[in-house]
1. Return the residues of the range 53-83 that are within 24 Å of the chain's Cα centre (by Cα) and of a type outside the set (D, E, K, R); say none if nothing qualifies.
2. Exactly one of these conditions fails for Gly60: (1) of a type in the set (Gly, Ala, Ser); (2) assigned by TED's automatic domain parsing to the domain that holds Ala111; (3) touching a helix residue (DSSP H, G or I) at 6+ places or on another chain (Cβ under 9 Å). Give me its number.
3. Among the residues of the range 28-52, what is the count of those that are closer than 19 Å to Ile87 by Cα, surrounded by 10 or more Cβ atoms within 10 Å (Cβ to Cβ) and not hydroxyl-bearing (Ser, Thr, Tyr)?
4. Condition first: in contact with a Ser or Thr (Cβ under 9 Å, 6 or more places away or on another chain), in a helix (DSSP H, G or I) and either acidic (Asp, Glu) or within 30 Å of Gln46 (Cα to Cα) (or both). Now tell me which residues in the range 87-117 satisfy that.
5. Can you confirm whether the range 82-98 contains a residue that is among the hydroxyl-bearing types (Ser, Thr, Tyr) and loosely packed, with under 13 Cβ neighbours inside 10 Å?
Amino acid sequence: MATTNTKQNLSTRAVKHPIGTMAFAVIIIVLGVLFSGRLPLSLLPQVEYPHIRVVVNYTGVTPEVIEEQLTRVLEKNLSATENLAEIHGRASEGRTYIEMFFEVGTDIDMALQDAARQLAGSN
């Protein structure tokens with residue numbers, strides 16, 4: 001005795017009714033495009049690293065002398081500051097700039113006190 005399956009599964013129905021299947025697919029794609037603009041993008045969030053900028057004026061001195069005698073010494077001493085991620089220094093005519101970037105979540109007040117201790121030790 002052969003039984004006939006009157007119940008159609010999803011794949012059989014999709015093959016038998018291709019227009020309905022395509023319409024459903026197009027509706028899903030259109031809704032996806034429309035609502036994708038409303039989703040928050042958190043793959044690359046805006047993160048502002050805590051940082052400290054040190055500026056030292058030394059008038060009448062060339063950038064080469066400032067780089068050698070001031071910037072390198074200060075960078076070496078400040079590099080011992082806790083939670084320091086990056087340090088960049090540059091010298092110009094009569095002035096040196098040192099920028100210190102810390103790990104995210106670092107208490108900037110504590111980092112400033114630590115940097116001040118490091119500067120006091122470089123005298």
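The values are calculated or read from the model by the stated rules, or taken from the named source; none is laboratory data. Predicted model only: the values in this text are computed from it and were never measured. Reconstructed Cβ throughout: ideal geometry from the backbone, glycine too, with neighbour counts over all protein chains shown.
1. Val54, Leu78, Ser79, Ala80, Thr81, Asn83
2. (3)
3. 3
4. Ala111, Asp114, Ala115
5. Yes, there is a match, as at least one residue in the range 82-98 is among the hydroxyl-bearing types (Ser, Thr, Tyr) and loosely packed, with under 13 Cβ neighbours inside 10 Å.
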